[in-house]
Amino acid sequence: MDKEQILTKIQECGIVAVVRAESTDTAERIVDACIEGGVAAIELTFTVPHADKLIDHLASKYTPEEIILGAGTVMDAPTARIAMLSGAQYIVSPYFDPETVRMCNRYRTAVMPGVMSVREAVMAMEAGADILKVFPGDLFGPKIIKDIRGPIPYAKMMPTGGVNADNVGEWIKAGAVAVGAGSSLTAGAKTGDYALITATARKFRENIISAREALK
């Protein structure tokens, strides 16, 4: 599946599940629960032990139609390349690192660096970023999407941090092409309640669809 198809599928899904866990087993169970709930876009962070091995495993476990598999918390270009070789279809970083974006572009892999200002947004776009990860979103709220899109209406943005199932519609209506959701989506894993993750995933998807319908 090429880069454009991956980006289209992420935007159609509207939500990327940010998966953090203290073990690969817990991380895999979170992924399973998210996919069951209709959230196919998975960002497996490199804070998970042996993240590269789990990405490789998930790439074999699920078909490309079942999962949109990415790597998150990618701090540098070498880590991005490791993630790609393990099967990651897109790369997400918490900040804008030109070398990481360059590495992704070299191999035509979708990349989403973190930005916090208009200046960073423009720099990341000039470097070849595909989607801007507005992070941490909870410092700004949905208004930041409208503010950036004022002077840069063609910017594609994905807020992460502070996004939950109840406010996701506000982010979508503000102009986000997708959102990233971590603890607000995966909190059930702390108590072993993976069914809660599935239910929350469904709620996210329902509210995203409703918000998009309201924009028509």
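Of the listed requirements (1) among the charged types (D, E, K, R); (2) farther than 26 Å from Glu28 by Cβ; (3) buried (at least 19 other Cβ atoms within 10 Å of the Cβ), Arg149 misses just one: (3). Scanning the range 124-145 for residues that are open to solvent by 70 Å² or more (accessible area, probe 1.4 Å) and over 20 Å from Ala165 (Cα atoms) turns up just one, Glu126. If you go through the range 81-99 and keep only what is within 16 Å of the chain's Cα centre (by Cα) and within 21 Å of Val179 (Cα to Cα), you end up with Ala88, Gln89, Tyr90, Ile91, Val92, Ser93, Pro94, Tyr95, Phe96.
Could you look through the range 62-88, keep only residues that are among the β-branched types (Val, Ile, Thr) and closer than 19 Å to Thr100 by Cβ, and pick out the one that is most open to solvent (accessible area, probe 1.4 Å)? Give the steps one after another, and end with the answer.
If we filter the range 62-88 for residues that are among the β-branched types (Val, Ile, Thr), which is where we start, we get 63, 67-68, 73-74, 79, 82.
With the extra rule that they be closer than 19 Å to Thr100 by Cβ, the set shrinks to 73-74, 79, 82.
Working: Thr73: 29, Val74: 1, Thr79: 31, Ile82: 79 Å².
Once the filter is applied, the top-ranked residue is Ile82.
The residues in the range 118-176 that are within 14 Å of the chain's Cα centre (by Cα) and among the polar types (S, T, N, Q) can be counted, and the count is 2.
Give the residue, chosen from Ala71, Ala17, that is within 20 Å of Gly162 (Cβ to Cβ) and assigned to a strand (DSSP E or B). Full working, then the answer.
Details: Ala71 fails: within 20 Å of Gly162 (Cβ to Cβ).
The unique qualifying residue is Ala17.
Of the residues examined, Ala59 is not one that is at pLDDT 95 or above, farther than 20 Å from Val111 by Cβ and either open to solvent by less than 10 Å² (accessible area, probe 1.4 Å) or in a helix (DSSP H, G or I) (or both). Residue count for the range 1-50, restricted to those that are open to solvent by less than 10 Å² (accessible area, probe 1.4 Å) and in contact with a Lys or Arg (Cβ under 6 Å, 6 or more places away or on another chain): 2. Examine the range 161-171 for a residue that is over 16 Å from Thr45 (Cβ atoms), surrounded by 20 or more Cβ atoms within 10 Å (Cβ to Cβ) and in contact with a Pro (Cβ under 6 Å, 6 or more places away or on another chain), and state whether such a residue exists. Yes: the range 161-171 contains one or more residues that are over 16 Å from Thr45 (Cβ atoms), surrounded by 20 or more Cβ atoms within 10 Å (Cβ to Cβ) and in contact with a Pro (Cβ under 6 Å, 6 or more places away or on another chain).
Yes/no per residue for (1) touching a residue at least 60 places away in the same chain (Cβ under 8 Å); (2) exposed (fewer than 15 other Cβ atoms within 10 Å of the Cβ):
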| residue | (1), (2) |
| --- | --- |
| Gly180 | yes, no |
| Gly188 | yes, no |
| Leu196 | no, no |
| Arg205 | yes, no |
| Leu215 | no, yes |
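The values are calculated or read from the model by the stated rules, or taken from the named source; none is laboratory data. These numbers were taken from a predicted model, which means no experiment stands behind them. Note that we place each Cβ from the backbone using ideal geometry, even for glycine, and neighbour counts take in every protein chain shown. Heavy atoms of the whole protein, side chains included, go into the accessibility calculation; ligands, DNA and RNA do not. Shrake-Rupley method; radii C 1.70, N 1.55, O 1.52, S 1.80 Å.
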